[in-house]
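Colleague: Below: one structure in C-alpha coordinates.
The values are calculated or read from the model by the stated rules, or taken from the named source; none is laboratory data. For clarity, every value in this text was computed on a predicted model and none was experimentally measured. Cβ sites come from the backbone with ideal geometry, for glycine too, and all protein chains shown count toward neighbours.
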Amino acid sequence: MTAELISGTDIRKEILAELKAEVEDMKAKTGKVPGLVTILVGSSPASISYVTLKVKTAISLGFHEIQDDQPDDISEADLLALIDKYNNDPDIHGILIQLPLPKHIDDKKVLNAINPDKDVDGFHPVNVGRLMIGGDEVLYPPCTPAGIQELIVRSGTETSGAEVVVVGRSNIVGKPIAIMMAQKGKGANSTVTIVHTRTKDLASHCKRADILIVAAGVPDLVKPEWIKPGSTVIDVGVNRVGMNEKTGKAILKGDVDFEAAKKICGKITPVPGGVGPMTITMLMKNTVRSAWKHIEGK
Ligand code: NAP
(Lines give C-alpha, C1' and ligand atoms only; values in the text may rest on other atoms or scores of the structure.)
Protein backbone atom coordinates (compact mmCIF):
# COMPACT_ATOMS: atom_id res chain seq x y z
CA MET A 1 0.00 0.00 0.00
CA THR A 2 1.23 3.50 -0.80
CA ALA A 3 0.50 6.48 1.42
CA GLU A 4 -1.68 9.37 0.35
CA LEU A 5 0.45 12.35 -0.66
CA ILE A 6 -0.24 15.61 1.21
CA SER A 7 0.50 18.19 -1.45
CA GLY A 8 1.53 21.58 -0.11
CA THR A 9 1.44 22.86 -3.68
CA ASP A 10 -2.29 22.01 -4.01
CA ILE A 11 -3.22 23.20 -0.50
CA ARG A 12 -1.30 26.44 -1.11
CA LYS A 13 -3.44 27.07 -4.24
CA GLU A 14 -6.62 26.43 -2.24
CA ILE A 15 -5.63 28.87 0.52
CA LEU A 16 -4.42 31.58 -1.87
CA ALA A 17 -7.76 31.42 -3.72
CA GLU A 18 -9.58 31.85 -0.38
CA LEU A 19 -7.34 34.80 0.54
CA LYS A 20 -7.83 36.48 -2.85
CA ALA A 21 -11.60 36.31 -2.38
CA GLU A 22 -11.21 37.72 1.13
CA VAL A 23 -9.10 40.64 -0.12
CA GLU A 24 -11.75 41.42 -2.78
CA ASP A 25 -14.43 41.32 -0.10
CA MET A 26 -12.36 43.62 2.13
CA LYS A 27 -11.90 46.09 -0.72
CA ALA A 28 -15.61 46.07 -1.54
CA LYS A 29 -16.64 46.56 2.10
CA THR A 30 -13.96 48.95 3.37
CA GLY A 31 -12.21 50.40 0.28
CA LYS A 32 -8.93 49.09 1.73
CA VAL A 33 -6.57 46.20 1.03
CA PRO A 34 -3.86 44.54 3.15
CA GLY A 35 -0.56 46.47 3.14
CA LEU A 36 2.74 44.61 3.41
CA VAL A 37 6.28 46.00 3.40
CA THR A 38 9.29 43.76 2.77
CA ILE A 39 12.58 45.31 3.84
CA LEU A 40 15.64 43.86 2.14
CA VAL A 41 19.08 44.97 3.28
CA GLY A 42 21.89 44.23 0.81
CA SER A 43 21.85 42.03 -2.26
CA SER A 44 22.34 38.40 -1.26
CA PRO A 45 20.93 36.30 -4.14
CA ALA A 46 19.11 33.94 -1.75
CA SER A 47 17.46 36.86 0.08
CA ILE A 48 16.48 38.52 -3.20
CA SER A 49 14.83 35.33 -4.39
CA TYR A 50 12.84 34.90 -1.12
CA VAL A 51 11.75 38.55 -1.17
CA THR A 52 10.76 38.36 -4.84
CA LEU A 53 8.56 35.35 -4.12
CA LYS A 54 6.87 37.11 -1.18
CA VAL A 55 6.32 40.29 -3.19
CA LYS A 56 4.93 38.40 -6.21
CA THR A 57 2.51 36.43 -4.03
CA ALA A 58 1.32 39.57 -2.22
CA ILE A 59 0.73 41.40 -5.52
CA SER A 60 -1.15 38.40 -6.97
CA LEU A 61 -3.57 38.64 -4.02
CA GLY A 62 -4.20 42.35 -4.57
CA PHE A 63 -2.18 43.63 -1.58
CA HIS A 64 -0.65 47.08 -1.36
CA GLU A 65 2.96 45.87 -1.43
CA ILE A 66 6.14 47.82 -0.89
CA GLN A 67 9.57 46.30 -1.47
CA ASP A 68 11.93 48.58 0.41
CA ASP A 69 15.52 47.79 -0.63
CA GLN A 70 18.27 49.25 1.52
CA PRO A 71 22.05 49.23 0.98
CA ASP A 72 24.37 46.86 2.84
CA ASP A 73 25.90 49.75 4.79
CA ILE A 74 22.63 51.17 6.20
CA SER A 75 23.22 52.02 9.87
CA GLU A 76 21.28 50.26 12.61
CA ALA A 77 19.79 53.63 13.65
CA ASP A 78 18.52 54.30 10.12
CA LEU A 79 17.01 50.82 9.87
CA LEU A 80 15.25 51.30 13.23
CA ALA A 81 13.94 54.67 12.01
CA LEU A 82 12.59 52.99 8.86
CA ILE A 83 10.75 50.39 10.95
CA ASP A 84 9.31 53.17 13.09
CA LYS A 85 8.01 54.87 9.94
CA TYR A 86 6.17 51.70 8.88
CA ASN A 87 4.97 51.03 12.44
CA ASN A 88 3.14 54.37 12.16
CA ASP A 89 1.90 53.98 8.58
CA PRO A 90 -1.85 53.21 8.69
CA ASP A 91 -1.76 51.61 5.21
CA ILE A 92 0.85 49.04 6.28
CA HIS A 93 -0.43 46.03 8.25
CA GLY A 94 2.58 43.73 8.00
CA ILE A 95 6.33 44.42 8.26
CA LEU A 96 8.88 41.85 7.12
CA ILE A 97 12.63 42.09 7.54
CA GLN A 98 14.48 39.63 5.34
CA LEU A 99 17.18 37.80 7.33
CA PRO A 100 20.13 37.54 7.60
CA LEU A 101 21.08 41.17 8.25
CA PRO A 102 24.66 42.48 7.84
CA LYS A 103 26.96 41.80 10.81
CA HIS A 104 27.02 45.42 12.05
CA ILE A 105 23.27 45.25 12.75
CA ASP A 106 21.79 43.52 15.79
CA ASP A 107 18.97 41.52 14.22
CA LYS A 108 17.29 40.85 17.59
CA LYS A 109 17.05 44.60 18.25
CA VAL A 110 15.65 45.17 14.76
CA LEU A 111 13.04 42.38 14.94
CA ASN A 112 11.96 43.52 18.40
CA ALA A 113 11.41 47.06 17.07
CA ILE A 114 8.52 45.89 14.87
CA ASN A 115 5.12 46.69 16.37
CA PRO A 116 3.90 43.23 17.50
CA ASP A 117 0.52 44.01 15.92
CA LYS A 118 2.30 44.24 12.53
CA ASP A 119 4.70 41.32 13.13
CA VAL A 120 3.11 38.94 10.60
CA ASP A 121 6.12 36.59 10.83
CA GLY A 122 5.09 35.96 14.45
CA PHE A 123 8.69 36.13 15.75
CA HIS A 124 8.33 39.05 18.20
CA PRO A 125 8.55 37.87 21.85
CA VAL A 126 5.06 39.29 22.45
CA ASN A 127 3.66 37.05 19.73
CA VAL A 128 5.62 34.07 21.01
CA GLY A 129 4.03 34.71 24.40
CA ARG A 130 0.57 34.96 22.83
CA LEU A 131 1.17 31.64 21.06
CA MET A 132 2.01 30.04 24.39
CA ILE A 133 -1.23 31.32 25.97
CA GLY A 134 -3.24 30.06 22.97
CA GLY A 135 -6.88 30.57 21.96
CA ASP A 136 -7.97 34.11 21.10
CA GLU A 137 -4.63 35.49 22.34
CA VAL A 138 -2.87 34.17 19.22
CA LEU A 139 -2.57 36.90 16.60
CA TYR A 140 0.05 35.64 14.18
CA PRO A 141 1.18 32.03 14.48
CA PRO A 142 4.70 31.62 13.03
CA CYS A 143 4.34 30.74 9.36
CA THR A 144 6.06 27.35 8.93
CA PRO A 145 4.34 25.78 11.99
CA ALA A 146 1.03 27.32 10.90
CA GLY A 147 1.57 25.76 7.46
CA ILE A 148 2.26 22.37 9.03
CA GLN A 149 -0.97 22.57 11.04
CA GLU A 150 -2.95 23.49 7.91
CA LEU A 151 -1.51 20.48 6.06
CA ILE A 152 -2.53 18.22 8.93
CA VAL A 153 -6.06 19.65 9.16
CA ARG A 154 -6.74 19.91 5.42
CA SER A 155 -5.51 16.36 4.82
CA GLY A 156 -8.25 15.18 7.21
CA THR A 157 -5.87 13.86 9.88
CA GLU A 158 -7.50 13.53 13.33
CA THR A 159 -5.51 15.50 15.88
CA SER A 160 -7.66 15.26 18.98
CA GLY A 161 -6.07 12.75 21.34
CA ALA A 162 -3.45 11.87 18.73
CA GLU A 163 0.12 11.10 19.77
CA VAL A 164 2.24 13.76 18.07
CA VAL A 165 6.02 13.42 18.07
CA VAL A 166 8.06 16.45 16.96
CA VAL A 167 11.69 15.83 16.02
CA GLY A 168 13.56 19.13 16.61
CA ARG A 169 13.20 21.95 19.11
CA SER A 170 14.13 25.09 17.14
CA ASN A 171 12.40 28.39 17.85
CA ILE A 172 11.06 28.63 14.32
CA VAL A 173 9.66 25.10 13.82
CA GLY A 174 9.97 22.46 16.56
CA LYS A 175 8.98 24.38 19.69
CA PRO A 176 6.10 26.39 18.19
CA ILE A 177 4.49 23.46 16.34
CA ALA A 178 4.70 21.36 19.52
CA ILE A 179 2.92 24.09 21.51
CA MET A 180 0.31 24.59 18.79
CA MET A 181 -0.57 20.88 18.58
CA ALA A 182 -0.90 20.67 22.39
CA GLN A 183 -3.27 23.64 22.68
CA LYS A 184 -7.02 23.33 23.13
CA GLY A 185 -8.89 23.74 19.88
CA LYS A 186 -9.43 22.66 16.28
CA GLY A 187 -6.46 20.96 14.64
CA ALA A 188 -4.84 20.48 18.04
CA ASN A 189 -5.75 18.78 21.38
CA SER A 190 -2.90 16.34 20.78
CA THR A 191 -0.54 14.63 23.22
CA VAL A 192 2.86 15.95 22.26
CA THR A 193 6.44 14.75 22.71
CA ILE A 194 9.45 16.77 21.59
CA VAL A 195 12.65 14.85 20.78
CA HIS A 196 16.13 16.18 19.96
CA THR A 197 19.82 15.21 19.89
CA ARG A 198 19.87 14.37 23.61
CA THR A 199 16.84 12.07 23.43
CA LYS A 200 17.85 8.59 24.56
CA ASP A 201 15.87 6.43 22.15
CA LEU A 202 14.61 8.45 19.20
CA ALA A 203 13.20 5.41 17.40
CA SER A 204 10.95 4.31 20.28
CA HIS A 205 9.30 7.76 20.46
CA CYS A 206 8.80 8.04 16.71
CA LYS A 207 7.26 4.56 16.59
CA ARG A 208 4.26 5.62 18.71
CA ALA A 209 3.49 8.76 16.70
CA ASP A 210 0.10 8.99 15.05
CA ILE A 211 1.47 12.24 13.62
CA LEU A 212 5.23 12.48 13.15
CA ILE A 213 6.61 15.97 12.45
CA VAL A 214 10.29 15.98 11.54
CA ALA A 215 12.31 19.23 11.53
CA ALA A 216 15.93 18.23 12.13
CA GLY A 217 17.76 19.12 8.94
CA VAL A 218 19.34 15.65 8.62
CA PRO A 219 18.66 13.78 5.36
CA ASP A 220 16.95 10.40 5.84
CA LEU A 221 17.19 10.67 9.64
CA VAL A 222 13.87 8.89 10.10
CA LYS A 223 14.06 5.25 9.10
CA PRO A 224 11.05 3.31 7.79
CA GLU A 225 11.03 1.01 10.82
CA TRP A 226 10.47 4.08 13.08
CA ILE A 227 7.14 4.83 11.41
CA LYS A 228 3.82 3.66 12.82
CA PRO A 229 1.70 2.00 10.11
CA GLY A 230 -1.11 4.29 8.94
CA SER A 231 0.32 7.41 10.59
CA THR A 232 0.66 10.90 9.10
CA VAL A 233 4.24 12.03 8.44
CA ILE A 234 5.11 15.70 7.97
CA ASP A 235 8.66 16.14 6.69
CA VAL A 236 9.86 19.71 7.25
CA GLY A 237 13.51 19.06 6.40
CA VAL A 238 15.03 20.65 3.33
CA ASN A 239 18.50 19.24 2.66
CA ARG A 240 20.62 19.95 -0.40
CA VAL A 241 22.18 16.61 -1.27
CA GLY A 242 23.67 17.37 -4.67
CA MET A 243 23.25 19.23 -7.90
CA ASN A 244 21.25 18.22 -10.96
CA GLU A 245 23.78 18.69 -13.71
CA LYS A 246 21.13 19.11 -16.41
CA THR A 247 19.04 21.81 -14.68
CA GLY A 248 21.80 23.29 -12.50
CA LYS A 249 19.36 23.15 -9.57
CA ALA A 250 20.01 21.67 -6.14
CA ILE A 251 18.69 18.17 -5.43
CA LEU A 252 16.56 18.37 -2.27
CA LYS A 253 15.81 15.66 0.25
CA GLY A 254 13.76 15.66 3.42
CA ASP A 255 14.55 14.25 6.86
CA VAL A 256 12.50 11.10 6.20
CA ASP A 257 13.40 8.23 3.87
CA PHE A 258 10.41 9.08 1.66
CA GLU A 259 10.41 6.09 -0.73
CA ALA A 260 10.47 3.56 2.11
CA ALA A 261 8.22 5.56 4.47
CA LYS A 262 5.37 5.94 1.99
CA LYS A 263 4.89 2.16 1.99
CA ILE A 264 4.16 2.22 5.73
CA CYS A 265 2.48 5.46 6.76
CA GLY A 266 -1.05 6.56 5.77
CA LYS A 267 -0.24 10.10 4.63
CA ILE A 268 3.04 11.88 3.91
CA THR A 269 4.34 15.22 2.65
CA PRO A 270 6.90 15.15 -0.18
CA VAL A 271 10.10 17.23 -0.29
CA PRO A 272 9.93 19.48 -2.22
CA GLY A 273 6.23 20.32 -2.56
CA GLY A 274 5.07 19.60 1.00
CA VAL A 275 5.70 22.06 3.83
CA GLY A 276 7.87 24.37 1.66
CA PRO A 277 5.05 26.08 -0.29
CA MET A 278 3.09 26.71 2.92
CA THR A 279 5.35 29.26 4.66
CA ILE A 280 4.75 32.25 2.37
CA THR A 281 1.08 31.26 2.09
CA MET A 282 0.65 31.56 5.85
CA LEU A 283 2.53 34.86 5.82
CA MET A 284 -0.15 36.14 3.45
CA LYS A 285 -2.86 34.75 5.73
CA ASN A 286 -1.37 36.55 8.73
CA THR A 287 -1.23 39.80 6.74
CA VAL A 288 -4.92 39.56 5.78
CA ARG A 289 -5.71 38.91 9.44
CA SER A 290 -3.67 41.94 10.47
CA ALA A 291 -5.44 44.11 7.89
CA TRP A 292 -8.88 43.16 9.27
CA LYS A 293 -7.64 43.83 12.78
CA HIS A 294 -6.31 47.28 11.88
CA ILE A 295 -9.18 48.27 9.58
CA GLU A 296 -12.13 46.98 11.60
CA GLY A 297 -10.60 46.28 14.99
CA LYS A 298 -11.50 42.57 14.53
P1 NAP B 1 17.64 23.85 13.53
O2 NAP B 1 17.48 25.18 14.13
O3 NAP B 1 18.97 23.41 13.04
O4 NAP B 1 17.09 22.76 14.56
C5 NAP B 1 17.20 21.40 14.30
C6 NAP B 1 16.64 20.63 15.47
O7 NAP B 1 16.71 19.25 15.15
C8 NAP B 1 17.44 20.84 16.76
O9 NAP B 1 16.55 21.00 17.84
C10 NAP B 1 18.27 19.57 16.90
O11 NAP B 1 18.44 19.14 18.23
C12 NAP B 1 17.38 18.55 16.19
N13 NAP B 1 18.21 17.50 15.59
C14 NAP B 1 19.21 17.64 14.69
N15 NAP B 1 19.76 16.45 14.42
C16 NAP B 1 19.11 15.54 15.16
C17 NAP B 1 19.25 14.13 15.35
N18 NAP B 1 20.17 13.41 14.71
N19 NAP B 1 18.39 13.53 16.22
C20 NAP B 1 17.47 14.23 16.89
N21 NAP B 1 17.30 15.56 16.77
C22 NAP B 1 18.11 16.20 15.91
O23 NAP B 1 16.67 23.65 12.26
P24 NAP B 1 15.25 24.32 11.88
O25 NAP B 1 15.45 25.73 11.55
O26 NAP B 1 14.21 23.92 12.85
O27 NAP B 1 14.99 23.54 10.52
C28 NAP B 1 14.90 22.14 10.46
C29 NAP B 1 14.76 21.70 9.00
O30 NAP B 1 13.56 22.26 8.47
C31 NAP B 1 15.88 22.20 8.09
O32 NAP B 1 16.14 21.23 7.10
C33 NAP B 1 15.31 23.43 7.45
O34 NAP B 1 15.86 23.72 6.19
C35 NAP B 1 13.85 23.03 7.32
N36 NAP B 1 12.91 24.17 7.29
C37 NAP B 1 12.00 24.21 6.27
C38 NAP B 1 11.09 25.26 6.21
C39 NAP B 1 10.09 25.29 5.09
O40 NAP B 1 9.96 24.37 4.36
N41 NAP B 1 9.35 26.32 4.92
C42 NAP B 1 11.11 26.26 7.18
C43 NAP B 1 12.03 26.17 8.22
C44 NAP B 1 12.93 25.11 8.28
P45 NAP B 1 19.31 19.97 19.33
O46 NAP B 1 18.41 21.12 19.73
O47 NAP B 1 19.53 19.00 20.39
O48 NAP B 1 20.54 20.44 18.61
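Colleague: How many residues are within 11 Å of the ligand (Cβ to nearest atom) and farther than 14 Å from residue 273 by Cα when one looks only at the range 234-254?
Modeller: 1
Colleague: Do we have any residue at all in the range 116-133 that's surrounded by fewer than 18 Cβ atoms within 10 Å (Cβ to Cβ) and either of a type in the set (Phe, Trp, Tyr) or in a loop (DSSP other than H, G, I, E, B) (or both)?
Modeller: No, every residue in the range 116-133 fails to be surrounded by fewer than 18 Cβ atoms within 10 Å (Cβ to Cβ) and either of a type in the set (Phe, Trp, Tyr) or in a loop (DSSP other than H, G, I, E, B) (or both).
Colleague: Could you go through the range 153-163 and let me know if any residue there is in the same structural domain as residue 223 (by TED's automatic domain parsing), assigned to a helix (DSSP H, G or I) and at negative phi.
Modeller: yes
Colleague: Which of the residues that make up the range 17-62 are in a helix (DSSP H, G or I) and in contact with a helix residue (DSSP H, G or I) (Cβ under 7 Å, 6 or more places away or on another chain)?
Modeller: Passing the criteria: 19, 22, 23, 26, 30, 53, 54, 57, 58.
Colleague: Is it true that residue 210 is touching a Pro at 6+ places or on another chain (Cβ under 9 Å), buried (at least 17 other Cβ atoms within 10 Å of the Cβ) and acidic (Asp, Glu)?
Modeller: Considered against the rule, which asks whether it is touching a Pro at 6+ places or on another chain (Cβ under 9 Å), buried (at least 17 other Cβ atoms within 10 Å of the Cβ) and acidic (Asp, Glu), residue 210 comes out as no.
Colleague: Still on this structure, please answer the following. If you go through the range 172-185 one residue at a time, do you hit one that is within 12 Å of the ligand (Cβ to nearest atom) and surrounded by fewer than 17 Cβ atoms within 10 Å (Cβ to Cβ)?
Modeller: Checked the range 172-185: no residue is within 12 Å of the ligand (Cβ to nearest atom) and surrounded by fewer than 17 Cβ atoms within 10 Å (Cβ to Cβ).
Colleague: Right, here's the next one. What number of residues within the range 7-25 are touching a residue at least 40 places away in the same chain (Cβ under 8 Å) and under 16 Å from the mean Cα position of the chain (by Cα)?
Modeller: Adding up the residues that qualify gives 7.
Colleague: Give the residue, chosen from 297, 273, 217, that is within 30 Å of residue 93 (Cβ to Cβ), within 16 Å of the ligand (Cβ to nearest atom) and surrounded by fewer than 19 Cβ atoms within 10 Å (Cβ to Cβ).
Modeller: 273
Colleague: Please give the number of the condition residue 197 fails out of (1) in contact (Cβ under 8 Å) with a residue 12 or more places away in the chain; (2) within 11 Å of the ligand (Cβ to nearest atom).
Modeller: (1)
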